[in-house]
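Chemist: One structure is given below, represented as structure tokens, and several questions about it will come after.
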Amino acid sequence: MISLITGGQRSGKSSFAESLLKNKDKVAYIATAKVDGQEMAERIKIHQESRPKAWRTIEAYKDFLAYVEDEDYYLLECLGTMTANIMYDLTKDLERIPARLAKEVEDTVYNNVMDLINFCRDRDKDLIIITNEVGLSLTPMDHIGRVYTDSLGRISQRIAKEADQVYLVVCGIEMKIK
């Protein structure tokens with residue numbers, strides 16, 4: 001089963017995703033964040049402390065198949081951070097991101113996630129993917145922010161089409177939308 005969970009920042013998506021796997025054995029938590037300062041280190045620590053100690057953590061934002069083992073359940077946290085990291089890798093020295101490069105970011109994220117989806121489907125494993133819902137938020141004032149939200153929105157749409165089920169989490173309340 002492939003599940004996508006979306007919602008705004010601090011909507012409760014992670015807590016909901018983790019609740020779907022409570023009391024499960026053989027879980028791999030794929031953490032896509034990179035520590036880039038004290039504030040991010042604190043956020044990561046809070047996430048780590050909320051997870052069961054038995055879960056194996058994979059710290060990677062691409063090439064996931066190099067890290068998977070024989071878990072039954074995978075939780076990918078999250079497409080938004082993964083997209084930001086890949087966008088940074090490909091565009092860090094640019095002030096403006098051309099459309100072809102934005103497409104390369106989107107395709108890189110999508111292809112990496114599809115590799116994991118296909119791995120899970122081929123082996124009858126469950127995968128939960130978390131993403132940020134950017135379609136309800138403000139349009140960023142700067143070019144790079146707009147490219148990011150547009151890209152993440154398109155990536156989330158593509159992954160939602162592949163998912164067996166999709167949930168929207170608002171104010172800690174989940175709603176199944178697919």
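The values are calculated or read from the model by the stated rules, or taken from the named source; none is laboratory data. This one's a predicted model, so the numbers in the text were calculated from it and none came from an experiment. Note that each Cβ is placed from the backbone with ideal geometry, even for glycine, and that neighbours are counted across all protein chains shown. When the accessible area is computed, the model is the full protein with side chains, heavy atoms only, and any ligands, DNA or RNA have been set aside. Shrake-Rupley method; radii C 1.70, N 1.55, O 1.52, S 1.80 Å.
Chemist: Please work out if ASP115 is under 14 Å from ILE2 (Cα atoms), in a loop (DSSP other than H, G, I, E, B) and modelled with pLDDT of 95 or more.
Modeler: Working: under 14 Å from ILE2 (Cα atoms): yes; in a loop (DSSP other than H, G, I, E, B): no; modelled with pLDDT of 95 or more: yes.
No: the conditions fail for ASP115.
Chemist: Out of the residues in the range 77-105 that are under 11 Å from TYR148 (Cα atoms) and among the small types (Gly, Ala, Ser), which is surrounded by the fewest Cβ atoms within 10 Å (Cβ to Cβ)?
Modeler: Going through the qualifying residues, I end up with ALA102.
Chemist: A further question on this structure: Please enumerate the residues belonging to the range 19-30 that are open to solvent by 20 Å² or more (accessible area, probe 1.4 Å) and closer than 18 Å to LYS125 by Cβ.
Modeler: LEU20, LYS22, ASN23, LYS24, ASP25, LYS26 - these are the residues of the range 19-30 that are open to solvent by 20 Å² or more (accessible area, probe 1.4 Å) and closer than 18 Å to LYS125 by Cβ.
Chemist: Looking at the range 136-152, which of the residues that are surrounded by 12 or more Cβ atoms within 10 Å (Cβ to Cβ) and without any contact (Cβ under 8 Å) to a residue 60 or more places away in the chain is farthest from SER14 (Cα to Cα)? Lay out the reasoning, then the answer.
Modeler: Pass one, the range 136-152, residues surrounded by 12 or more Cβ atoms within 10 Å (Cβ to Cβ): 137, 140, 143-152.
Subsequent filtering for residues that are without any contact (Cβ under 8 Å) to a residue 60 or more places away in the chain retains 140, 143-146, 149-150.
Working: PRO140: 24, HIS143: 29, ILE144: 26, GLY145: 23, ARG146: 25, THR149: 20, ASP150: 22 Å.
Applying the filter and picking the extreme gives HIS143.
Chemist: Would you say LYS62 is closer than 21 Å to ALA160 by Cβ and assigned to a loop (DSSP other than H, G, I, E, B)? Working first, answer last.
Modeler: On the way: closer than 21 Å to ALA160 by Cβ: yes; assigned to a loop (DSSP other than H, G, I, E, B): yes.
So LYS62 passes the test.
Chemist: Follow-up. Mind checking which residues of the range 69-89 are acidic (Asp, Glu) and either touching a residue at least 40 places away in the same chain (Cβ under 8 Å) or under 10 Å from ALA31 (Cβ atoms) (or both)?
Modeler: Within the range 69-89, the subset acidic (Asp, Glu) is 69-72, 77, 89.
Matches in the range 69-89: GLU69, ASP70, GLU71, ASP72, GLU77.
Chemist: Tell me whether the range 96-109 contains one or more residues that are part of a loop (DSSP other than H, G, I, E, B), in contact with a His (Cβ under 9 Å, 6 or more places away or on another chain) and over 19 Å from TYR74 (Cα atoms). Full working, then the answer.
Modeler: Within the range 96-109, the subset part of a loop (DSSP other than H, G, I, E, B) is 96-98.
Filter once more, so that each one left must be in contact with a His (Cβ under 9 Å, 6 or more places away or on another chain): 96-97.
With the extra rule that they be over 19 Å from TYR74 (Cα atoms), the set shrinks to 96-97.
Yes, some residue in the range 96-109 is part of a loop (DSSP other than H, G, I, E, B), in contact with a His (Cβ under 9 Å, 6 or more places away or on another chain) and over 19 Å from TYR74 (Cα atoms).
Chemist: Please specify each residue of the range 4-32 satisfying the condition of being in contact with a His (Cβ under 8 Å, 6 or more places away or on another chain) and without any contact (Cβ under 8 Å) to a residue 60 or more places away in the chain.
Modeler: Selection gives ALA31 alone.
Chemist: Determine if the range 46-58 includes at least one residue that is modelled with pLDDT under 95, assigned to a helix (DSSP H, G or I), aliphatic (A, V, I, L, M) and closer than 27 Å to CYS171 by Cα.
Modeler: Yes, the range 46-58 contains a residue that is modelled with pLDDT under 95, assigned to a helix (DSSP H, G or I), aliphatic (A, V, I, L, M) and closer than 27 Å to CYS171 by Cα.
Chemist: Right, next: Limited to the range 118-135, what total is found for residues that are surrounded by 15 or more Cβ atoms within 10 Å (Cβ to Cβ) and not in a helix (DSSP H, G or I)?
Modeler: Looking only at that region, the number is 10.
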